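The values are calculated or read from the model by the stated rules, or taken from the named source; none is laboratory data. Source: prediction; values computed, not measured. Every residue, glycine as well, gets a Cβ built from its backbone with ideal geometry; the counts of neighbours run over all protein chains shown.
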Amino acid sequence: MAARVKMVRTSVILPASVLGEINTIAQDNDVSAAWVMRYALTDFVKARSVQIPLPLIATMEQGGDRKNNA
């Protein structure tokens with residue numbers, strides 16, 4: 001039996017077009033939009049462990065938040 005992973009709830013603000021794509025992917029694969037987002041974020045975190053370069057300053061157009069736009 002696989003061990004249960006503790007889950008926590010969070011929220012994100014996405015461009016409507018991105019959420020639309022997520023919903024399409026979810027529907028096409030008979031899974032929830034939350035599953036698609038968990039899968040994508042888990043994959044990103046795994047890839048990040050090998051130091052994928054990210055922009056130093058994110059802009060609102062790139063999906064960043066205002067705190068990073070100093």
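For Ser32, only one of the following conditions fails: (1) more than 18 Å from Ser17 (Cα to Cα); (2) at pLDDT 60 or above; (3) of a type outside the set (A, V, I, L, M, F, W, C). What is its number?
The single condition Ser32 does not satisfy is (1).
Would you mention how many residues in the range 36-50 are of a type outside the set (A, V, I, L, M) and over 20 Å from Pro15 (Cβ atoms)?
Adding up the residues that qualify gives 4.
Looking only at the range 6-53, which residues are charged (D, E, K, R) and part of a helix (DSSP H, G or I)?
Passing the criteria: Glu21, Asp28, Arg38, Asp43, Lys46, Arg48.
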